[in-house]
Amino acid sequence: MPLLIAFCQQHAEVELSLTFSDRFIDLFEEGIDLAVRIGGSPDLPASLGCRHLGRERMVFCAAPDYLARHGYPATENELLLHPAVMYERVDGTTKPWLLTTAEGHAYWRNVPHRMALGDVDAQVQAVCAGLGVAQMPSWLIAGPLQRGELEIILPQQQPDGFALSLIWPRRKQLLPKVDALLTALEQLPIR
């Protein structure tokens with residue numbers, strides 16, 4: 001959101017209509033000018049443009065006061081003893097945690113949770129409030145980390161998550177607002 005807020009402040013003449021969803025959308029059918037797609041988009045039709053931003057880095061985090069009360073997990077097994085604050089998908093399932101083996105191989109693990117939320121901002125708020133630990137993309141929690149509201153735990157467990165890409169109908173690329181927004185979103189702190 002900080003990039004979008006800055007974009008709106010710099011481009012007062014542009015009207016934005018934002019939708020946040022984890023469902024797969026048809027840009028043409030829904031009249032979308034630009035989407036940030038998390039996950040693979042390998043077989044895009046030629047009518048869609050795509051700019052790969054990188055891969056999200058998944059980090060485990062908790063609030064400093066939570067860690068002071070419950071301790072810092074030093075291993076995966078210790079982490080699993082802490083209450084999890086999970087992301088809940090549209091279909092009602094929770095997104096598993098992405099972990100890595102000692103050899104560096106990534107794998108998904110379903111974990112029991114204290115709370116599951118269908119909104120990432122609500123998930124961040126719950127973790128900042130000290131309700132448990134979560135695994136989230138580093139770009140999503142950059143602000144709370146900088147403000148000291150969250151701390152990264154288990155830094156050795158920071159696997160690359162999904163690919164992040166900008167997707168847009170090519171016929172709209174020449175629109176000044178779409179071009180300006182593409183340029184602004186390329187500044188997302190993704191590696």
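Below is a table of values for the structure above.
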quantity: Pairwise centroid distance, computed over Cα atoms, of region 157-181 with region 50-93, Å; calculated: 26
quantity: Asp26 versus Leu80: modelled label distance in nm, points set 7 Å from Cα along the beta carbon direction; calculated: 4.3
quantity: Sites matching GluC sites (Glu not before Pro) across region 59-137 that sit in DSSP coil, with at most 14 neighbouring C-beta atoms within 10 Å; calculated: Glu103
quantity: The chain - mean residue ellipticity at 222 nm from DSSP helices (-39,500 (n - 2.57) per run, n ≥ 4, rounded to 500); calculated: -6000 deg cm²/dmol
quantity: Chymotrypsin sites (Phe, Trp or Tyr not before Pro) within region 3-68, DSSP loop, no more than 10 other Cβ atoms inside 10 Å; calculated: Phe20, Phe24
quantity: Region 37-171: relative contact order in percent, alpha carbon pairs under 8 Å with at least 6 residues between; calculated: 49
quantity: Approximate spin-label separation Thr101-Arg69, in nm, with each point projected 7 Å along Cα-to-Cβ; calculated: 3.7
quantity: Over region 1-159, volume per residue of the alpha carbon convex hull, in Å³; calculated: 142
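All of the numbers you see were taken from the coordinates with simple rules; none came from a lab. None of the values given here were measured: they were computed from a predicted structure. Methodologically, a virtual Cβ is constructed for each residue, glycine included, from the backbone with ideal geometry; neighbour enumeration extends over all protein chains shown.
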